[in-house]
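Report on the following structure.
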């Protein structure tokens, strides 16, 4: 009996009684907004979703967009179906012929460079930053999607891509190229063939370099605590960081008992980099400000602890940040190495 | 006590099976920044944590074509417990105190945190794993309660 109760208890999370709205609220609204108006993620207006097949939406939910913020969601088939029904809000799902479109990819490349590259990027990498954000002005209200993203290519049918090229997407900057620029059927087919030529087999789990690295870098200092802190501050300034007043590790937490001066946090920030990263993903504040912690143990040995920020950066699922952050993290490691010498 | 420990173990098992540990914890709050900030401060206290200090990250943001300069980080924790943990595992120090970021998004706010459960590899005993796990559950609960105050 007890075993049955335990099995039922463990199995409960697998069952879902939630409707589409609840599933949206639980998983999607934090990025796509309460009214699906877009925010960190793209808008999910009814008019936008009306262009997408059920299969496209289901695969997008399942695989996400690797390196483009949208994570992969492990929803059940029933949950996915409910969510899609909610997003459609009564609008009938379009049906696209699943057969591939044959076209001349070289000719499509030429068309892409003439008409599409300006928004979607030379490498089909899409616009910078997040989908749509109210916190700052951008060149465009909605960041153009990355057409070379494997999540997109895996989800999208050729006929859907062609339909969007020819008819555009209402309420977005994606124009109807059939009407506005007199695209022929062949031009659209060639363009689809060029976009499709970027597809590779999708990887379920791509192991990252950070996985092999420690969560924290630990350095032994050759100096006493006071000298180590001074040298860390000087070194941070030399690496173009603005250095804040130092704090004790538990400052503000435990009154006088918390003011253990053997544990010092050195905080610093490079504002230019901060602005750049915030523009790419405003959630970056969760790892700010940059800091190192110097601790003197009972034997008088001073060690410096630096978070390996690559682990944190990878949580953003933002390829651009991962590339740019590596240099910054290497600078921080050099900065500490100089200070503890 | 035994029941509580058992419940946490079951929760740890189910969470490790079904949840993606790597993802950021995020909630969208249907309130302007100042209301969210107040609610967060109160909710942290209600969870028996103490707010240590805030870090403003809004230096000249509105002068650099940002529409909002409401961007702050709140650091919080429990002294005795965090002191015990960092004495035992100094590698935890870069992650202490815990922190939650609050940013304005038009009429809404976003509250964001790194899941403390990502610190599990740094501790070695079951008791300490349960402490980290509780921090994680508390963090989720704080974010969820702030959100639910303005639904």
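Within the range A:268-315, the set of residues being surrounded by fewer than 20 Cβ atoms within 10 Å (Cβ to Cβ) and within 15 Å of residue A:335 (Cα to Cα) comprises A:269, A:270, A:303, A:308, A:309. Within the range B:35-46, count every residue that is within 14 Å of chain A (Cβ to nearest Cβ) and surrounded by fewer than 16 Cβ atoms within 10 Å (Cβ to Cβ). The total comes to 2. Going by what's in this entry, would residue B:16 be described as modelled with pLDDT under 95 and closer than 18 Å to residue B:106 by Cα? Taking the combined requirement at face value, the residue does not satisfy it.
As a summary of the residue check, residue A:285 satisfies the conditions (1) free of Cβ contacts under 8 Å to residues at least 40 places away in the same chain; (2) facing another protein chain (nearest Cβ under 10 Å); (3) more than 20 Å from the chain's Cα centre (by Cα) except for the one numbered (3).
Given the structure, is residue A:305 at pLDDT 95 or above and either more than 23 Å from the chain's Cα centre (by Cα) or farther than 17 Å from residue B:94 by Cα (or both)?
Judged against the criteria, residue A:305 is a match.
Of the residues making up the range A:35-54, those that are within 23 Å of the chain's Cα centre (by Cα) and assigned to a helix (DSSP H, G or I) number 2. Among the residues examined, residue A:323 qualifies as surrounded by fewer than 20 Cβ atoms within 10 Å (Cβ to Cβ) and out of contact with any strand residue (DSSP E or B) (no Cβ under 6 Å at 6 or more places or on another chain). For the range B:105-122, filtered to residues that are in contact with a helix residue (DSSP H, G or I) (Cβ under 6 Å, 6 or more places away or on another chain) and at the interface with another protein chain (Cβ under 7 Å from one of its Cβ atoms), the residue that is farthest from residue B:146 (Cα to Cα) is B:122. Only a single criterion out of (1) modelled with pLDDT under 95; (2) more than 18 Å from the chain's Cα centre (by Cα); (3) within 7 Å of chain A (Cβ to nearest Cβ) is not satisfied by residue B:32, namely (3).
The values are calculated or read from the model by the stated rules, or taken from the named source; none is laboratory data. What you see is a predicted model; the values in this text were computed from it and never measured. Positions of Cβ are generated from backbone atoms using ideal geometry, with glycine treated the same way; all protein chains shown enter the neighbour counts.
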